[in-house]
Amino acid sequence: MKVFLLLSIFLNFAVNCTAQETCRLELTDAPTLFGLRLEMTPTQVKSIFGKDLKLKIKREGSFFQNFIEKKPPHFLFGVRALYLRFFDAKLYQIEIFYEPENKRRSLEEFLSQLSAELNLPPNLWNTKYGTSELHCADFSLVADNVLNPRVELTDETIRARFEAAQKKQKQSND
């Protein structure tokens, strides 16, 4: 009986400790993807792209480029498609679809590789319905492997401001 009681207390403690683990990484700790960082200005992004990709955003909007018919520039090796979203002259979301590899990787393998490459805590991913999310202090990362391996890095503060501005604009149009 004592063993059962001790085991119960230990399991309860372990479950509570795991549930309390959170990602404490700040925006300055957010990963860099192909030289792209959250909160870069369009001008800074253009300096990374050079003449290879034409970014025509000044303050807000989205940039999309796919590399299905043509190869990506050397600095985007392995990328199949790229979305960049800007608000108030700052990059707030980077979404990358990678080329599928010859051998189909599981989501767990993809997360393990991603966590290692981006220096992220591998044990804090929350996976539901084939999509994994990592929520940190100021940014989030979403990953899945539905069609191709995909990553979406978001500055949550700017996204909230963008969504509030969209809602306000919609209300003024109604």
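The values are calculated or read from the model by the stated rules, or taken from the named source; none is laboratory data. Please read all numbers here as calculations on a predicted model, not as lab measurements. Because the Cβ atoms are built from the backbone with ideal geometry, glycine has one as well, and the counts that use them run over all protein chains shown. We work out accessible area using only protein heavy atoms, side chains counted, and drop any ligands, DNA or RNA first. Shrake-Rupley method; radii C 1.70, N 1.55, O 1.52, S 1.80 Å.
Table for the structure above
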{"quantity": "Accessible area (Å², per residue) of segment 65-138, counting only protein heavy atoms and a probe of 1.4 Å", "calculated": "59 Å²"}
{"quantity": "Longest DSSP-loop-exposure-free segment, chymotrypsin sites (Phe, Trp or Tyr not before Pro), the chain, at most 13 other Cβ within 10 Å", "calculated": "1-76"}
{"quantity": "Computed Kirkwood radius, in angstrom, where 1/r is averaged over Cα pairs of segment 64-174", "calculated": "15.6 Å"}
{"quantity": "Apportionment of accessible area to carbon and sulfur, the chain, percent (1.4 Å)", "calculated": "55 percent"}
{"quantity": "Loop sites in segment 38-147: trypsin sites (Lys or Arg not before Pro), DSSP, at most 11 other Cβ within 10 Å", "calculated": "Lys51, Lys54, Lys56, Lys58, Arg59, Lys70, Lys103, Arg104"}
{"quantity": "For segment 55-62, 3J(HN,Hα) per residue [Karplus equation, 6.51 cos²θ - 1.76 cosθ + 1.60, θ = phi - 60°, Hz, x = Gly/Pro]", "calculated": "9, 10, 9, 9, 10, 8, x, 10"}
{"quantity": "Sequence-separation-based contact order of the chain, relative, with Cα cut under 8 Å and 6+ spacing, percent", "calculated": "20 percent"}
{"quantity": "Kirkwood Rh and Cα Rg combined as Rg over Rh, evaluated for segment 32-82", "calculated": "0.93"}
{"quantity": "For segment 87-150, convex hull of alpha carbons as volume per residue, Å³", "calculated": "111 Å³"}
{"quantity": "Rounded to whole Hz, the Karplus (6.51, -1.76, 1.60) HN-Hα couplings of segment 157-174, x for glycine and proline", "calculated": "5, 5, 4, 4, 5, 4, 5, 5, 5, 5, 5, 5, 5, 4, 5, 6, 7, 7"}
